[in-house]
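A.B. asks: The structure's right below; bear with me while I get my questions together.
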Amino acid sequence: MNEENIRTGIPKLDTALGGGLRPGSITVFWALPGIENSPFVYHIIIDRLNAGGSGIYIVQTKRADTVETEIKHYGWDISRYKERGSFCFIDAYSGLIHAPSNEKFIVKDAKNPKAITMTLEDVLTEKSNHKIVVFDSISTLIDHCGEKSLDELVEWKKLFIKHNATGIFLFTEWPYDKGILNKIKASADAIVQLNAIEEKVILREYFTVPKVDWNGKENKDAKVPFKITRPGGIRVYIPKILVTGPYNAGKSSFVHSVSTKAVSVERVGTTIALDHGHVDYKGFSVDLFGTPGQERFDPLLEYLGGEALGVIVVIDSTDSETFPRAKEMLKKSKSIGLPYVIVANKANLENALSPNEIRERMNLPKEIPIIPVTAKTVPEGKEKLPAVLKLEDVHKVFDVLFGMII
Ligand SMILES: Nc1nc2c(ncn2[C@@H]2O[C@H](COP(=O)(O)OP(=O)(O)OP(=O)(O)O)[C@@H](O)[C@H]2O)c(=O)[nH]1
Ligand SMILES: [Mg+2]
């Protein structure tokens, strides 16, 4: 990790980039048509501004105030940074369509990439603290100014090195010649590629980091699924985690305790169809699907388990007789082979077994994490109602499991 790197604020991306974006370089957010890349730069720039940094946004694809409005949809206000002077636009769009502009910095001759360079140099010199420079986008530059304009990227990079600024460039891969694509790849010090798994409609989007000049070879094959949330920005997206385990172990308690929204289908305190919960945690967006525990619902297990990316097996630490049932459920939900963790619930009760004892009795390999969890509050009375589990305990479960999945 390099101390100087600019953190993106997007989990997994910083890791793949070896700690973040490198000053004096160009990182291209490379998207296939139909995938939005601008939310990534909105997320990064707001994160920097909130952290006391500063930035410049060169628009060539849309109006500056359109960008401002789009950023608002994520729940972020960039105008106050503009007023304070830590953020500004360079308007290289109005000039293209001969429209008036309210921006302070305008490139009138926006079809001429050298004119953009000159304005950029002026702004970087005047605002010497402006560390992030977004350019939106390389595709527009090629479309309006021709392939030759790509040579100008070399000049921009020289400016970034001179001013210790970090370039973040958007690019959408329309059907361009291979030569053009190679030229862009060569000008980029790092590439974050945004892809999608498609089947008539886009099913899932993910990013990879196929090129990072400053970070050796690590992490380059990792595919990180993401989701764009408004408000919220970029979230690493885990569409399905299965929560299973024996009757009465605390599955519903777990799902309810961790979720921002949760729905259960219950009858007199036992789950009869499923628990569904949604979790927003440390930049992750996760959907949890809980199963019933009673054996009469076992035919459901296989369906509920389909397409899960990871499994949480909740057990009652005081009830070792149910442990074989936990393993059976793992099998029946077709989850063998997926990353899974054992949540050892009710760990503070007097006769609770320790993780080591549980590992032994369940005959679990040592690489399977067993995480003790306890309730903060348990509903009083005879009725079986979900308990509220300690947040620090359930967060530990996520820290471990998310790390195993992605
Ligand atoms: N003392 C204590 N009780 C707990 C704890 N966690 C859950 N419970 C209680 O255990 C019972 C079962 O919890 P649930 O969350 O409904 O369990 P479940 O696994 O969803 O149960 P089924 O859906 O019926 O299989 C409830 O009465 C909870 O209040 C805990 O950590 N400590
Ligand atoms: Mg339940």
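A.B. asks: Could you pull out the residue among LYS127, LYS131, LYS114, LYS108 that is under 23 Å from LYS162 (Cα atoms), out of contact with any Pro (no Cβ under 6 Å at 6 or more places or on another chain), surrounded by fewer than 17 Cβ atoms within 10 Å (Cβ to Cβ) and in the same structural domain as ILE78 (by TED's automatic domain parsing)? Lay out the reasoning, then the answer.
C.D. replies: Working: LYS127 fails: surrounded by fewer than 17 Cβ atoms within 10 Å (Cβ to Cβ); LYS131 fails: surrounded by fewer than 17 Cβ atoms within 10 Å (Cβ to Cβ); LYS108 fails: under 23 Å from LYS162 (Cα atoms).
On inspection, the qualifying residue turns out to be LYS114.
A.B. asks: Name the residues in segment 307-339 that are in contact with a Lys or Arg (Cβ under 7 Å, 6 or more places away or on another chain) and either in a helix (DSSP H, G or I) or away from ligand 1 (no atom under 14 Å from the Cβ) (or both), would you? Break it down into steps so the answer makes sense when it comes.
C.D. replies: Initially, segment 307-339 is screened for residues in contact with a Lys or Arg (Cβ under 7 Å, 6 or more places away or on another chain), giving 307-309, 314, 316-318, 320, 323.
Answer for segment 307-339, where residues must be in contact with a Lys or Arg (Cβ under 7 Å, 6 or more places away or on another chain) and either in a helix (DSSP H, G or I) or away from ligand 1 (no atom under 14 Å from the Cβ) (or both): GLU307, ALA308, LEU309, SER320, PHE323.
A.B. asks: Still on this model: Please specify each residue of segment 225-263 satisfying the condition of being of a type in the set (A, V, I, L, M), more than 10 Å from ligand 2 (Cβ to nearest atom) and in contact with a strand residue (DSSP E or B) (Cβ under 6 Å, 6 or more places away or on another chain).
C.D. replies: Of everything in segment 225-263, those that are of a type in the set (A, V, I, L, M), more than 10 Å from ligand 2 (Cβ to nearest atom) and in contact with a strand residue (DSSP E or B) (Cβ under 6 Å, 6 or more places away or on another chain) turn out to be ILE234, VAL236, ILE238, ILE241, LEU242, VAL258, ALA262, VAL263.
Conditions tested, residue by residue: (1) modelled with pLDDT under 95; (2) within 25 Å of the chain's Cα centre (by Cα).
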| position | (1), (2) |
| --- | --- |
| VAL314 | no, no |
| LYS334 | yes, no |
| VAL341 | no, yes |
| ASN356 | no, no |
| ALA375 | no, no |
| GLU383 | yes, no |
| MET404 | yes, yes |
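A.B. asks: Okay, next question. Being over 22 Å from LYS396 (Cα atoms) and open to solvent by less than 30 Å² (accessible area, probe 1.4 Å) is the filter here; which residues of segment 326-364 pass it?
C.D. replies: Selection gives MET329, SER333.
A.B. asks: Let me ask something else about it. Every residue in segment 136-155 that is hydrophobic (A, V, I, L, M, F, W, C) and over 22 Å from TYR42 (Cα atoms), please.
C.D. replies: Once the filter is applied, which keeps residues that are hydrophobic (A, V, I, L, M, F, W, C) and over 22 Å from TYR42 (Cα atoms), segment 136-155 yields ILE142, CYS145, LEU150, VAL154.
A.B. asks: For the list (1) within 12 Å of ligand 1 (Cβ to nearest atom); (2) of a type in the set (Val, Ile, Thr); (3) modelled with pLDDT of 95 or more, I need the number of the one condition that THR291 fails.
C.D. replies: The failed condition is (3).
A.B. asks: Right, another one. Within segment 265-305, can you find the residues that are assigned to a strand (DSSP E or B) and in contact (Cβ under 8 Å) with a residue 40 or more places away in the chain?
C.D. replies: Once the filter is applied, which keeps residues that are assigned to a strand (DSSP E or B) and in contact (Cβ under 8 Å) with a residue 40 or more places away in the chain, segment 265-305 yields THR270, VAL279, ASP280, TYR281, PHE284, SER285, VAL286, ASP287, LEU288, PHE289, GLY290.
A.B. asks: Would you confirm whether or not segment 244-255 contains a residue that is of a type in the set (S, T, N, Q), assigned to a loop (DSSP other than H, G, I, E, B) and under 25 Å from ALA347 (Cβ atoms)?
C.D. replies: Residues of segment 244-255 of a type in the set (S, T, N, Q): 244, 248, 252-253.
Now restrict to residues that are assigned to a loop (DSSP other than H, G, I, E, B): 248.
Okay, now just the ones that are also under 25 Å from ALA347 (Cβ atoms), so 248.
Yes, some residue in segment 244-255 is of a type in the set (S, T, N, Q), assigned to a loop (DSSP other than H, G, I, E, B) and under 25 Å from ALA347 (Cβ atoms).
A.B. asks: Among TYR281, TYR303, which is the only one that is more than 18 Å from GLY250 (Cα to Cα), among the aromatic types (Phe, Trp, Tyr), out of contact with any strand residue (DSSP E or B) (no Cβ under 8 Å at 6 or more places or on another chain) and at pLDDT 90 or above?
C.D. replies: Only one candidate qualifies: TYR281.
A.B. asks: Here's something else I'd like to know. How many residues, within segment 390-404, are touching a Gly at 6+ places or on another chain (Cβ under 9 Å) and either open to solvent by 40 Å² or more (accessible area, probe 1.4 Å) or outside any helix (DSSP H, G or I) (or both)?
C.D. replies: Selection size over segment 390-404: 1.
A.B. asks: Something else now. Considering segment 270-303 alone, what residues qualify as being open to solvent by less than 20 Å² (accessible area, probe 1.4 Å) and either within 11 Å of ligand 2 (Cβ to nearest atom) or among the hydroxyl-bearing types (Ser, Thr, Tyr) (or both)?
C.D. replies: If the condition is that a residue be open to solvent by less than 20 Å² (accessible area, probe 1.4 Å) and either within 11 Å of ligand 2 (Cβ to nearest atom) or among the hydroxyl-bearing types (Ser, Thr, Tyr) (or both), then THR270, THR271, ASP275, SER285, GLY290, THR291, PRO292, GLY293 are the ones that fit.
The rows are residues; the columns are (1) among the polar types (S, T, N, Q); (2) near ligand 1 (Cβ under 9 Å from one of its atoms).
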residue	(1), (2)
ALA222	no, no
LYS227	no, no
TYR237	no, no
LEU242	no, no
VAL255	no, yes
VAL263	no, no
THR270	yes, yes
HIS276	no, no
LYS282	no, no
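A.B. asks: Also, quick follow-up: Select from segment 365-389 the residues that are crowded, with 17+ Cβ neighbours inside 10 Å and part of a loop (DSSP other than H, G, I, E, B) and write down the one among them that is farthest from ligand 2 (Cβ to nearest atom).
C.D. replies: PRO369
A.B. asks: Just name the residue that is nearest to the chain's Cα centre (by Cα) out of those in segment 61-105 that are part of a loop (DSSP other than H, G, I, E, B) and touching a residue at least 60 places away in the same chain (Cβ under 8 Å).
C.D. replies: This residue is TYR74.
The values are calculated or read from the model by the stated rules, or taken from the named source; none is laboratory data. These numbers come from a predicted model, not from an experiment. Reconstructed Cβ throughout: ideal geometry from the backbone, glycine too, with neighbour counts over all protein chains shown. Heads up: the accessible areas ignore ligands, DNA and RNA and are worked out on the full protein's heavy atoms, side chains in. Shrake-Rupley method; radii C 1.70, N 1.55, O 1.52, S 1.80 Å.
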